[in-house]
Amino acid sequence: MSFIGQFQAKLDSKNRVFLPAAFRRSLQSEASQEADQKEITLIVRRDFFENCLVIYPECQWKAEIEKARARLNRFDNVQQMVYRKLISEAQELTLDANGRMLIPRALLERVGIVQEALFVGMEQTIEVWAPSVADAGCGNGEPFMSDADFAKGIKEFMAE
């Protein structure tokens with residue numbers, strides 16, 4: 001499954017938002033391969049570094065957690081606290097029959113999402129931004145880049 005592109009969406013009065021159709025198709029394609037999958041489950045949490053939310057398909061979240069658990073030393077206090085924060089701040093989302101999901105208000109408020117959201121496909125995950133936060137970053141390299149900065153960065157990044 002691969003999520004690409006950017007899509008704007010409006011939240012309704014109950015904080016429900018339609019997952020962009022392109023992303024739903026990708027999820028439904030994956031779900032149809034899972035014979036016992038009845039509904040699409042997603043996991044959402046605040047990003048580790050940026051002021052946005054990250055949505056993981058359940059299978060991707062489980063893979064990430066398994067990697068973290070494999071590295072976890074339960075006798076290391078700091079590692080235990082990091083793992084606790086990782087798990088406890090995540091919440092489960094489900095898509096309703098219309099393709100909407102209810103994002104918890106506390107998460108929306110934490111990243112500044114009020115009435116509109118910007119969905120950004122990041123291949124294995126989906127970022128959800130407040131458009132005002134995303135727009136504020138344009139041109140200075142954080143979190144989005146201007147076209148000129150991107151051209152320079154991709155040239156350096158992909159140089160042999």
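This table checks each residue for (1) within 14 Å of the chain's Cα centre (by Cα); (2) among the small types (G, A, S); (3) open to solvent by 100 Å² or more (accessible area, probe 1.4 Å).
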position	(1), (2), (3)
K10	no, no, yes
P20	yes, no, no
F23	yes, no, no
R46	yes, no, no
L53	yes, no, no
E58	yes, no, no
M81	no, no, no
L93	yes, no, no
>> Just to be sure I understand, how many residues within the range 126-151 are surrounded by 13 or more Cβ atoms within 10 Å (Cβ to Cβ), modelled with pLDDT of 80 or more and more than 20 Å from the chain's Cα centre (by Cα)?
In response: 2
> For residues in the range 25-44 being open to solvent by 30 Å² or more (accessible area, probe 1.4 Å) and within 19 Å of the chain's Cα centre (by Cα), which is modelled with the lowest pLDDT?
Replying inline: E30
>> Looking for something touching a residue at least 40 places away in the same chain (Cβ under 8 Å), touching a strand residue (DSSP E or B) at 6+ places or on another chain (Cβ under 9 Å), open to solvent by less than 40 Å² (accessible area, probe 1.4 Å) and outside any strand (DSSP E or B) - is there at least one such residue anywhere in the range 115-123?
In response: no
>> Could you tell me how many of the residues in the range 58-101 are in contact with a helix residue (DSSP H, G or I) (Cβ under 9 Å, 6 or more places away or on another chain) and of a type in the set (G, A, S)?
In response: 3
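The values are calculated or read from the model by the stated rules, or taken from the named source; none is laboratory data. Just so it is clear, the structure is predicted and the values come from calculations on it, not from any experiment. For neighbour counting, all protein chains shown are included, and Cβ atoms are generated from backbone atoms with ideal geometry for every residue, glycine included. These accessible areas exclude ligands, DNA and RNA; they are computed on the full protein's heavy atoms, side chains included. Shrake-Rupley method; radii C 1.70, N 1.55, O 1.52, S 1.80 Å.
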